[in-house]
Amino acid sequence: NIDFLMGKVDALEEHLLVLQKFIDYFRGMSYEVIRLEKVKDEWLVLYKRDTGTSLYIMLNKLEKFRPDWNFAILSSVYSDSHYNSEKIFKYVHVGDISGSEINNGYGSLLMKYLQKEALLQNFTHIEGKIVSDDWGHINRLEHFYKKHGFTVNLNNNTKTGEIKWVNKEYEKYK
């Protein structure tokens, strides 16, 4: 059906125009486009901002241009030295995973790229805190982090916890 195909071409053209607006915007904001991803019939642009002390992995839907993210992992990068050694190591502390939509795979997509970035930059691990404000969705959080290979330690009395993912590749280069 020619009308169906023309509709698909028009939609693709619209997505490309929105993508070009994102690319132009990112050039001036020190962001790097990671890639385009399709999740549940929806095109997303993934991008990052790495300042050396912070590492943000973000995504936007390609439905329309908006200069702020739809979903993001906001993290800090820290350096420390090994006990009794001069060797410096770096790790990531997840400060927040933010977005208004849940159960769409956006957090998983961003976490996959945060873990890839940890491998590329030879970070020792990714860590984070679970605070009492998170306790209303603690089961979902625990499932999410475990699904991505994190250890999750929760304290039900204080309604706090810690998460940690270890870069097993780092051990090879110590």
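Multiplying the sequence separation of LEU119 and MET29 by 0.36 nm and subtracting their Cα-Cα distance, what value in nm do you get?
Between LEU119 and MET29, full extension yields an extra 29.9 nm.
Accessible area per residue for the chain in Å², computed with a 1.4 Å probe and the full protein assembly in place, what is it?
62 Å²
Keeping the other protein chains in place, figure out the carbon and sulfur percent of the accessible area of the chain, with a 1.4 Å probe.
49 percent
Which residue fluctuates most in the GNM of the chain (Cα springs below 10 Å): SER108, SER79, SER54?
Evaluated over the chain, the most mobile residue of the options is SER79.
How much FRET efficiency would the formula 1/(1 + (r/R0)^6) give for SER108 and ASP3, where r is the Cβ-Cβ distance and R0 is 41 Å, rounded to 0.05?
0.70
If the only charges are +1 at each Lys and Arg Cβ and -1 at each Asp and Glu Cβ, what is the size of the charge dipole of the range 51-121 around the Cα centre, to the nearest 20 debye?
200 debye
Find how much the distance from GLU13 to SER54 grows on full extension, using 0.36 nm per residue of separation minus their present alpha carbon separation; answer in nm with one decimal.
Full extension of this stretch gives 11.3 nm more.
Where in the chain are the DSSP H helices whose C-alpha atoms run 20 Å or more along the long axis and whose mean Kyte hydropathy is at least -0.5?
Span-like helices, by this rule, are 2-27, 106-120.
What aspartates and glutamates could a cross-link reach from LYS48, if we take a straight Cα to Cα line under 16 Å and drop same-chain neighbours fewer than 8 places away?
Partners found: ASP24, GLU32, GLU37, ASP68, ASP96, GLU117.
Would the range 49-174 count as rounded, prolate or oblate if I go by the C-alpha gyration tensor, calling it rounded below 1.5 in a/c and otherwise prolate when a/b exceeds b/c, oblate otherwise? Please report the intermediate quantities before stating the final value.
Details: a/c = 2.02, a/b = 1.25, b/c = 1.62.
Cα axes put the range 49-174 in the oblate bin.
So if we plug the beta-carbon distance of ILE138 and SER79 into 1/(1 + (r/R0)^6) with R0 = 25 Å, what FRET efficiency do we get, rounded to 0.05?
Working from the Cβ atoms, E equals 0.20.
The values are calculated or read from the model by the stated rules, or taken from the named source; none is laboratory data. A quick note: this is a predicted structure, and the numbers were derived from the prediction, not measured. So basically every Cβ, Gly included, is an ideal-geometry build from the backbone, and we count neighbours across all protein chains shown. The accessibility values were calculated without ligands, DNA or RNA, using every heavy atom of the protein model including side chains. Shrake-Rupley method; radii C 1.70, N 1.55, O 1.52, S 1.80 Å.
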